[in-house]
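K.L.:
What follows is a structure written as C-alpha cells; I'll ask about it next.
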Amino acid sequence: MGITRLSTTLLSRLKGDLRNGELSSTISFFSEVEVAKDLDVVKAHKLLLIPEYPEQVYQAYLSCAKRLLSDPDLINREANYIEFLKIYILAIRRYEIQLKTILKIYLNKSLKEFVFQLFGSINEYLDQLFSIFYKNLETGTIDTSTPESKSEFHEWAHNQLRGVIVDVMFAVARLVNFYSEHQLEEISPIIFNSYSDQEREQMGKAIQVAAFMNTYLYALEKVSYNEWFVDRVENVGEVVNFRFGITDFNFQKARDLGLRRVLSGAMLGRKSKRWLAELLEPFALEILEVAWEYYQDQMGIFIAGHLKWHQAKEALSKYLDQLDAEDELLFGFHMKNKLVVSHYFSALAITVFVFAAEELEKYSNRSYWLTCPEIPEEIINNLVNNTRFEDYFLTSQISDYITKIPSRGHMEVFKLPFLRDHENKIYALRFIALNSWPKFIRSTLMKGGKIAAEIGKTWEGYVAKTMRDNGWDKVIEGVKIRKNNELLTDIDIVAKRKDWLLLIQLKISYSEGVHTYDQWKIKQRLIEGVAQVKKAETNIRVNKSILSQHLSQDELAEIYVIQSVVMTNEHIFNGWKYEGVSVFSIDALMQLINGAQVKFTTSEKRVVEIKEYGKTASLSTDEMIGFIDVPLDWRVGMPNYQIKMHTEVLDACTLHFPLVESNDSKLFGYR
C-alpha cells in the first residue's frame, strides 16, 4: 500500500514554493506519491488553490490520481474536483471585485459605523427569512400526536432556524473582515444614526454577495475535508451544473442526531443553577455594575430607579446558565491552576460588558453606540488582575479572546468576535459574542500544550470513576500494550464487566463545531483513536496475557467478548463508526448508566412521558453492547434518513447539495 509522504515539514515546503510561483517541487511530489490517501491530504490543505497559474499542477494531480486509483468512478471524481476548483477560483475573484465596488462608500467609515449599518440590514434580512419559514410551517400538517414526534418536531424546527442564523452570521464575519482589509487610512467623522437609502441598498447587495461566496466556500470545504465528492459536472449553455455526493452517510446521520439532542438540551435548559454559575455570579455582578455605569457615561444617559438594574441582574443569569457540566469538570479539577481560572474570569468579564451594552440599548435612543460596543480593555484587565481567587490573584487573559482584523480568514472573526481595529480599539460583534461564551474558553485552553494534556487526563479520570461507581468489575487507566518489552500502543481505559472487556480510547475536543474545518479536525483525532484502539484489540485477542499486569488469570479466562470504542465529549459524533469501531459520546455513556431512560418534557419542564429503552433499569451486558452499536439517540423516534438534493442557483453556476434528512420534514409538513 505504501507509506504516506506528506509530513508537516513537506507540506509547509510545498505551500511555500507554490506561493512563490515555484511549481516543480509539487509536480515532482505528485509523480512520486504512493498512497491514494495523500490526495485527501492535498485537498484538506487546499494546495491546489495556492498557485496563481495552476494548470500544470492540476495536470500533475490528475496524472497521480489515474496512477493510484483503479476505479474509473474515483478517477472521474478527481477530474470533477479540478473542474470545480477552476469555477470556484473564478467566482471568488469576481465576487471580491464586486464587493470592493459595492462597499466603496463604506471604506472611509469607522468599524463601529460599518457594523451598525451592517446589522441594520441583517435584521431586515433575518425578518424576511423568518417570516417565510413560519409561513411555510403554518401551512403544513404537523404530526405531534405523541411526545416522541413532538420532541422530534421541536428539535427539527430549532435546527432549521439555527442553520439560518449561522449562515447569516458567516456572511457578517466575511463582510467585516473584507471591509477591514480594504478600509481607507483616513476615516470620516462619525455621523450618528445616518443611514441613507443608497447605503441600505448597497449593504443589502453586499450581504447577498457574501452569501454567494459562502455558498461556494461551503461546497469547497465539504469536498476538501472529504465529506462530499464532486459526483457530476454538466455544461448547460453558459451555466455549469455541479452535483455533489456524500462520502459517509452514517457520519452525516450521526452528526444530525447528535446536534438535535444537544439543541434539545439547550432549549429545555436546566432545573437548577450549576455550582460554577453560583461561584462566578458575585464576580459577574461586580463586573455588571462597572459596565452599567461605563456605558451610561459613554452615552451620556442616566437610567433612573432600581427596577431596570434588578431586571438586568436577573437577565444575566441566563448567560451564566450557558456553563455546562464540562465547565464544572474543567474548572473544578483545576482550581489551583491560575491560567485556567483566569481564563474563565476574563472571558466572563468581556461577556458581561457585552451583555450590559445589550441591556442598555433598550433604554437609549442612541443604539448606534451599543450595536457594536467598544470593550474597555484596560478597565477589564484591572478588574481581573485585582481579583483574588482562593490564595492567588488572577491574571487577565482577555488578549487571547481578541481577533486582530483583518484576520487570516473570516472564520476567525466568527469564532472570536471581539475585534481589534487599526486604532487598537476593541469592539464586540454583539450578536455573535453572546452565543455560548464558555465555548470560547474551552477551545482556547485546548489549543495545545500542557493544559490540553491535563484536560485529557481529567476526563480520563472522570470516565473511569463513573464506570467504577456504576457496576464495572475493574477499570484501569493508562494501560500500555507491550510485546517483547516493546511498546506497541497505549489505551486510556480498559474496563471489565463480567465476560466483557471494553477498550476505550478517549479523544477530547473543544470547538464551535459549526464549521466543516473544525469538525474535520475532531474527526481526524477520532480516526487516530480508532487506529490506536484497533491495534490494542488485535494484540489482546492474540494474547490476553498482555494484560496480566492488570487482570488476574481468572479474570482473563472469564473474558469472552472484547470490544473497542473511541469515546469523546463531542456528542455530535455519537454513533458514527470508522473501520468497524464505534464512536461513543460520554453523554451516551451516562444515558446507559441511567438505564436508557428517556423523559419527554414540555418547554415548562413538565414530564409528559417516561420511556424505558432497556428491559430493566439496570442494563445487561448484551444490552449495553447493543447500545454502543446503535446508540439510544438513534432509537428515540427511530427517524428514517435519506439523501435529498438542495439546489443553489448562482450567476454562472448551479450547485446541487446533498442533504441527509430524516423524514421528519415530511411529517411536519415543511416545504
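K.L.:
Which ones in the range 382-414 are open to solvent by 60 Å² or more (accessible area, probe 1.4 Å), over 19 Å from the mean Cα position of the chain (by Cα) and within 30 Å of His182 (Cα to Cα)?
P.N.:
Selection gives Ser399, Lys404, Pro406.
K.L.:
To continue, here is another question. Any residue at all in the range 74-82 that is of a type in the set (Val, Ile, Thr), within 30 Å of Val172 (Cβ to Cβ) and open to solvent by 10 Å² or more (accessible area, probe 1.4 Å)? Before you say what the answer is, go through the steps one by one.
P.N.:
Within the range 74-82, the first condition is being of a type in the set (Val, Ile, Thr), and the residues that meet it are 75, 82.
Those still in the list that are within 30 Å of Val172 (Cβ to Cβ) too: none.
No.
K.L.:
Yes or no: the range 559-581 includes at least one residue that is over 38 Å from the mean Cα position of the chain (by Cα) and among the hydrophobic types (A, V, I, L, M, F, W, C).
P.N.:
Yes, some residue in the range 559-581 is over 38 Å from the mean Cα position of the chain (by Cα) and among the hydrophobic types (A, V, I, L, M, F, W, C).
K.L.:
Hey, another quick one. Name the helices (runs of 4 or more DSSP H) wholly within the range 427-484 that hold at least 1 residues that are over 17 Å from the mean Cα position of the chain (by Cα)? Before the answer, list the steps.
P.N.:
Numbers: elements: 430-433, 437-445, 449-468.
Hits in the range 427-484: 430-433, 449-468.
K.L.:
Among (1) in contact with a Gly (Cβ under 9 Å, 6 or more places away or on another chain); (2) free of Cβ contacts under 8 Å to residues at least 60 places away in the same chain; (3) within 24 Å of Val115 (Cβ to Cβ), there is one condition Ala312 misses while meeting the rest; what is its number?
P.N.:
(1)
K.L.:
As an exercise: evaluate Trp369 against (1) assigned to a helix (DSSP H, G or I); (2) of a type in the set (A, V, I, L, M, F, W, C); (3) open to solvent by less than 30 Å² (accessible area, probe 1.4 Å) and give the number of the one condition it does not meet.
P.N.:
(3)
K.L.:
A further question follows. Could you list, in sequence order, the residues of the range 27-41 that are of a type in the set (Val, Ile, Thr) and either at pLDDT 95 or above or in a loop (DSSP other than H, G, I, E, B) (or both)? Write out each step before concluding.
P.N.:
Keep residues of the range 27-41 that are of a type in the set (Val, Ile, Thr), which gives 27, 33, 35, 41.
Once the filter is applied, which keeps residues that are of a type in the set (Val, Ile, Thr) and either at pLDDT 95 or above or in a loop (DSSP other than H, G, I, E, B) (or both), the range 27-41 yields Ile27, Val33, Val35.
K.L.:
Can we say Ser342 is among the small types (Gly, Ala, Ser), in a helix (DSSP H, G or I), more than 23 Å from the chain's Cα centre (by Cα) and modelled with pLDDT under 90? Please lay out each step first, then the result.
P.N.:
Working: among the small types (Gly, Ala, Ser): yes; in a helix (DSSP H, G or I): yes; more than 23 Å from the chain's Cα centre (by Cα): yes; modelled with pLDDT under 90: no.
Spelling it out, it is not the case that Ser342 is among the small types (Gly, Ala, Ser), in a helix (DSSP H, G or I), more than 23 Å from the chain's Cα centre (by Cα) and modelled with pLDDT under 90.
K.L.:
What about Ala325, is it within 26 Å of Leu394 (Cα to Cα), at pLDDT below 85 and of a type outside the set (D, E, K, R)?
P.N.:
Details: within 26 Å of Leu394 (Cα to Cα): yes; at pLDDT below 85: yes; of a type outside the set (D, E, K, R): yes.
Criteria met by Ala325.
K.L.:
If Gln322 satisfies every condition in (1) closer than 15 Å to Phe418 by Cβ; (2) open to solvent by 10 Å² or more (accessible area, probe 1.4 Å); (3) polar (S, T, N, Q) but one, which is the exception?
P.N.:
Only one criterion in (1) closer than 15 Å to Phe418 by Cβ; (2) open to solvent by 10 Å² or more (accessible area, probe 1.4 Å); (3) polar (S, T, N, Q) is unmet by Gln322, namely (1).
K.L.:
Report, ordered by the first and then the second residue, all pairs with beta carbons closer than 9 Å, sequence separation of six or more or different chains, a first member in the range 612-623 that is over 13 Å from Arg635 (Cβ atoms), and a second member that is open to solvent by 80 Å² or more (accessible area, probe 1.4 Å) and part of a loop (DSSP other than H, G, I, E, B).
P.N.:
Between residues of the range 612-623 that are over 13 Å from Arg635 (Cβ atoms) and residues that are open to solvent by 80 Å² or more (accessible area, probe 1.4 Å) and part of a loop (DSSP other than H, G, I, E, B), the close pairs are Ala617/Asn594; Thr621/Lys498.
K.L.:
Looking at the range 48-61, which of its residues are open to solvent by less than 30 Å² (accessible area, probe 1.4 Å) and either farther than 19 Å from Leu90 by Cβ or modelled with pLDDT under 95 (or both)?
P.N.:
Here is the first cut: in the range 48-61, the residues open to solvent by less than 30 Å² (accessible area, probe 1.4 Å) are 48, 51, 54, 57-58, 60-61.
If the condition is that a residue be open to solvent by less than 30 Å² (accessible area, probe 1.4 Å) and either farther than 19 Å from Leu90 by Cβ or modelled with pLDDT under 95 (or both), then Pro51, Pro54, Ala60 are the ones that fit.
The values are calculated or read from the model by the stated rules, or taken from the named source; none is laboratory data. Model, not experiment: these values are computed from the prediction. Cβ sites come from the backbone with ideal geometry, for glycine too, and all protein chains shown count toward neighbours. The area values use the complete protein model at the heavy-atom level, side chains included, leaving out ligands, DNA and RNA. Shrake-Rupley method; radii C 1.70, N 1.55, O 1.52, S 1.80 Å.
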